[in-house]
């Protein structure tokens, strides 16, 4: 497996001593602290340093919370939709090497029985702590906006079938993407809200008014805003306007330079503000792996120069993005404040998942999940649960 760009090693630290990470610019919920310090004791961030703590000098670097990806289909050549347990673990590890310390595994449209079976496999990994839960993207989406989903397997969001997937996930379902304008859509949103599962509006052909109705019914996330939905119009504003203007909605954005024009990203941050944005990868198998032919569910995908498209029809088919690249691009290309990017890539998705008491910020009591970046925001180190997954090897 390739070492991530900028990393100088992937060996795990063997020390069991507490660590005091000093000298870096540390991004906290209250702002950035110059020459800050983070104390790691076991798997957690501590409030005070034990006497036997080892001091690690991180001067000249940024220290930010581990990334939280709520929409990810695979990586490292492995698929979360169709791979074995070993494949799924390989994909998870690939993204950890790129700073994603908390990950929700996303499926794509498939036969209902197959998706229920996958839910069972993925729920076991969630119970073990390898993933944070399951996201079902499809089959309850619009054939008009299907993107890289098999049209013959699409279906209306019957609440009974939505419930079947939730039950198969054994309490580990975190999110379901729906075209809420379809028959059964609003009832399915209400069901998901009652069950504590995020109802996400996506792959939708809804009008502005239909989208408002879905939000009022309990939808709280926009699946990859702008993509797989009608464009913003001056007479027919469609779902984009409704999703951006409503304070109850968090909008997913894929910041890979392919899915969104920089102006669209800026528009989303301006209207939703940083506290309602979640940067995601929507990654498929090729993330962290390379160009070539892949399968996304039952559909064949060609990845060329890092862009994934269906072999038939040429539709964009997920991404090959990793969150370290999304972070670096957001700061260096889009010129967003580092604190806003940290909110969008760590804190906000952690809050959506109900995990902010454990992950998403560098505060005492939370897991020691963190990412070390150099002055150009290239990844240099990754720690998860107090262990270096990517060891910075700074001496």
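Since every read-out is calculated from the coordinates, none of them should be taken as a lab result. What you see is a predicted model; the values in this text were computed from it and never measured. Positions of Cβ are generated from backbone atoms using ideal geometry, with glycine treated the same way; all protein chains shown enter the neighbour counts.
Which of 91, 75, 354 ends up with the largest GNM mean-square fluctuation for the chain, with Cα atoms connected below 10 Å?
Answer for the Gaussian network model of the chain: 354.
Counting helices only, and only those DSSP H runs with n ≥ 4, report the 222 nm mean residue ellipticity of the chain as the sum of -39,500 (n - 2.57) divided by its residues, in deg cm²/dmol to the nearest 500. Please report the intermediate quantities before stating the final value.
Values: 10 runs with 98 residues, N = 395.
Mean residue ellipticity at 222 nm (helix-derived): -7000 deg cm²/dmol.
Which of these, 226, 114, 327, has the largest mean-square fluctuation under a Gaussian network model of the chain (Cα springs below 10 Å)?
Most flexible of the set in this elastic network: 114.
Kindly put 247, 124 in sequence by how many other C-beta atoms sit within 10 Å of each C-beta, fewest to most.
Details: 247 10, 124 15.
Exposure proxy ranking, most exposed first: 247, 124.
Quote to one decimal, in nm, the extra length available between residue 195 and residue 54 on full extension: 0.36 nm per residue of separation minus the C-alpha distance between them. Provide the component values of the computation, followed by the final result.
Values: separation 141, 0.36 × 141 = 50.76 nm, distance 4.50 nm.
Taking residue 195 through residue 54 to full extension adds about 46.3 nm, to one decimal.
Among 108, 333, 221, which comes first, second and so on when ranked by fewest other beta-carbon atoms within 10 Å?
Ascending number of Cβ neighbours within 10 Å: 333, 221, 108.
What is the Cα radius of gyration of the range 67-352 over 2.2 N^0.38 Å, N being its residue count? Don't jump to the answer; show the numbers that get you there.
Values: Rg = 17.0 Å, N = 286, 2.2 N^0.38 = 18.9 Å.
Taking N as the residue count of the range 67-352, the ratio is 0.90.
Could you list 135, 259 in order of exposure, starting from the residue whose Cβ has the fewest other Cβ atoms within 10 Å? Don't jump to the answer; show the numbers that get you there.
Numbers: 135 28, 259 21.
Going from least to most buried by this count: 259, 135.
Quick one: go through the range 174-211 and flag any residue whose amide nitrogen is under 12 Å from the point 7 Å out along the Cα-to-Cβ line of residue 264.
Taking a point 7 Å out along Cα→Cβ of residue 264, no residue of the range 174-211 has its backbone N under 12 Å.
Pick from 222, 286, 160: which is most flexible by mean-square fluctuation in a GNM of the chain where alpha carbon atoms under 10 Å apart are linked?
Maximum among the listed residues: 160.
Can you give me the convex hull volume of the Cα atoms of the range 270-395, divided per residue and expressed in Å³?
On the way: hull volume 19.2 nm³, N = 126.
Spelled out: Cα convex hull of the range 270-395, divided by residues, is 152 Å³.
What is the calculated FRET efficiency for residue 32 to residue 291, with r their C-beta to C-beta distance and R₀ = 30 Å, to the nearest 0.05? The partial results should precede the final answer.
Values: r = 37 Å, r/R0 = 1.24.
Approximately 0.20, to the nearest 0.05.
Give the angle, between 0 and 90 degrees and rounded to the nearest 10, that separates the Cα long axis of helix 323-332 from the longest principal axis of the Cα atoms of the chain.
80
Using r as the Cβ-Cβ distance of residue 271 and residue 333, and R0 as 25 Å, what FRET efficiency do you calculate, to the nearest 0.05?
On the way: r = 20 Å, r/R0 = 0.79.
Approximately 0.80, to the nearest 0.05.
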